[in-house]
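Beneath this line is the structure, given in structure tokens, with notes to follow.
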Amino acid sequence: MSVYQKDRSLIAVIGDEDTVTGLLLAGIGHVDSKQKANFLVVDSKTTLPTIEESFIEFTRRKDIGIILINQHVADDIRSMLDEYHQAFPTVLEIPSKDHPYDPAKDSILKRVQKLFGDDQR
Amino acid sequence: MLANKLDQVDIYLQQQAELREVLRKGFMHLAEAKYILGPAVISSDSYDRRMQATRFWSDSSSEDQGDDCELEDTNKAKAKQTEAITVSTLRQRKGITQVVQRNGADNDSAKPNEELEVDHSKEKDRKAKERAKRLRDPLYMFTALPPKSLRDAQDCFKRVVSLLENFREPLEQLSKES
């Protein structure tokens, strides 16, 4: 077992090149012995199945504690995020350089809103 | 319970606002670094395919609490270096004074050289560790002489990673179904 699996300590990121580059500068980037990275750069050529596969892979890994995803990328896999209910790894939507954060689209806040809606009935 | 949820939503939104601001500065510095070094240098083509993480989710609050993404890292590193040099100098002096106080025996004349050698080897080990640490710094993935803007961008994104710790509790509370 990898030392990171014990603590679920790695930070994964799915985002545009600037977001991933910046976070890699911060030191979160990790490529294991099987050449599996904890990040995915999403650009105009990245297909939807690639993003979905990466997200599923990150959610299944035992060494990742949190997944950071640009909100505009999250919008592409919104249905998948809305159905994601695991406690770990946590998913956090973050803004990108060109796409500001919109609380109305955040899956976590939508879930809370739904709870409030159910309670009011 | 609903009141608790609302409080957590409030905290979550405040943290998002802070994160947004730090990210904005980070992107700005990164854009400046791209302008200086060229977009081909600061790109995914320069990523080191053997990189190892040095910042983690479990201890993301342990470093770099600087406001406004100032270059506190370099100042701290300089202070540590000065302290290390002072300590190693003291050790050397102590070794020499101990030797001076001893009387007579022939084997004592060999001891000063041995102690100085031990101190030198410790100093070398320390320098080798610092060099290895510098090589692991992702800053040097892109260029051997990073400009100030790239260092500022790194500081900002390190601050972003530190801020993630503040999301832990709100995310935990908001993810609960009940």
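The values are calculated or read from the model by the stated rules, or taken from the named source; none is laboratory data. The structure presented is a predicted model; accordingly, all values stated were derived computationally and were not measured. Here the Cβ positions follow ideal geometry from the backbone for every residue, glycine too, while neighbour counts run over all protein chains shown. Just the protein is used for accessible areas: all its heavy atoms, side chains included, with ligands, DNA and RNA removed. Shrake-Rupley method; radii C 1.70, N 1.55, O 1.52, S 1.80 Å.
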Flagged in region B:17-61 as in contact with a Cys (Cβ under 6 Å, 6 or more places away or on another chain) and open to solvent by less than 30 Å² (accessible area, probe 1.4 Å), in numbering order, are B:V22, B:G26
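Among the residues of region A:85-100, which ones are surrounded by fewer than 19 Cβ atoms within 10 Å (Cβ to Cβ) and closer than 17 Å to B:Y12 by Cβ? So that I can check it myself, show each step before the final result.
In the first step, residues of region A:85-100 are kept if they are surrounded by fewer than 19 Cβ atoms within 10 Å (Cβ to Cβ); the result is A:85-88, A:98-100.
A:A87, A:P100, listed by residue number.
May I ask you to verify whether A:F39 is in contact (Cβ under 8 Å) with a residue 40 or more places away in the chain and of a type in the set (F, W, Y)?
Details: in contact (Cβ under 8 Å) with a residue 40 or more places away in the chain: no; of a type in the set (F, W, Y): yes.
Against the criterion (in contact (Cβ under 8 Å) with a residue 40 or more places away in the chain and of a type in the set (F, W, Y)), A:F39 does not qualify.
For every residue, the table says whether it meets (1) more than 12 Å from chain B (Cβ to nearest Cβ); (2) over 21 Å from B:H29 (Cα atoms); (3) modelled with pLDDT under 95; (4) in contact with a Leu (Cβ under 7 Å, 6 or more places away or on another chain).
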position: A:I11; (1), (2), (3), (4): no, yes, no, yes
position: A:L48; (1), (2), (3), (4): yes, yes, no, no
position: A:S54; (1), (2), (3), (4): yes, yes, no, yes
position: A:F58; (1), (2), (3), (4): yes, yes, no, no
position: A:H72; (1), (2), (3), (4): yes, yes, no, no
position: A:D76; (1), (2), (3), (4): yes, yes, no, yes
So which of A:D16, A:D43, A:D32 ends up being surrounded by 18 or more Cβ atoms within 10 Å (Cβ to Cβ), closer than 25 Å to B:P138 by Cα, more than 7 Å from chain B (Cβ to nearest Cβ) and among the acidic types (D, E)?
A:D16
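A:D43 - would you say it is in a loop (DSSP other than H, G, I, E, B) and charged (D, E, K, R)? Don't jump to the end; show me each part of the working.
On the way: in a loop (DSSP other than H, G, I, E, B): yes; charged (D, E, K, R): yes.
Against the criterion (in a loop (DSSP other than H, G, I, E, B) and charged (D, E, K, R)), A:D43 qualifies.
Give region B:1-49 a look and list any residue that's over 30 Å from A:A104 (Cα atoms) and of a type outside the set (A, V, I, L, M, F, W, C), or say none. Before the answer, list the steps.
Taking region B:1-49 and keeping what is over 30 Å from A:A104 (Cα atoms), we get B:32-49.
Matches in region B:1-49: B:E32, B:K34, B:Y35, B:G38, B:P39, B:S43, B:S44, B:D45, B:S46, B:Y47, B:D48, B:R49.
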May I ask you to verify whether B:Q14 is open to solvent by 80 Å² or more (accessible area, probe 1.4 Å), assigned to a loop (DSSP other than H, G, I, E, B) and either at pLDDT 85 or above or over 21 Å from A:I11 (Cβ atoms) (or both)?
no
Taking the conditions exactly as written (part of a helix (DSSP H, G or I), buried (at least 16 other Cβ atoms within 10 Å of the Cβ) and either among the hydroxyl-bearing types (S, T, Y) or on the phi > 0 side of the Ramachandran plot (or both)), does A:T50 satisfy them or not?
no
Tally time: how many residues in region A:82-115 are within 7 Å of another protein chain (Cβ to nearest Cβ), more than 21 Å from B:K176 (Cβ to Cβ) and in contact with a strand residue (DSSP E or B) (Cβ under 6 Å, 6 or more places away or on another chain)?
1
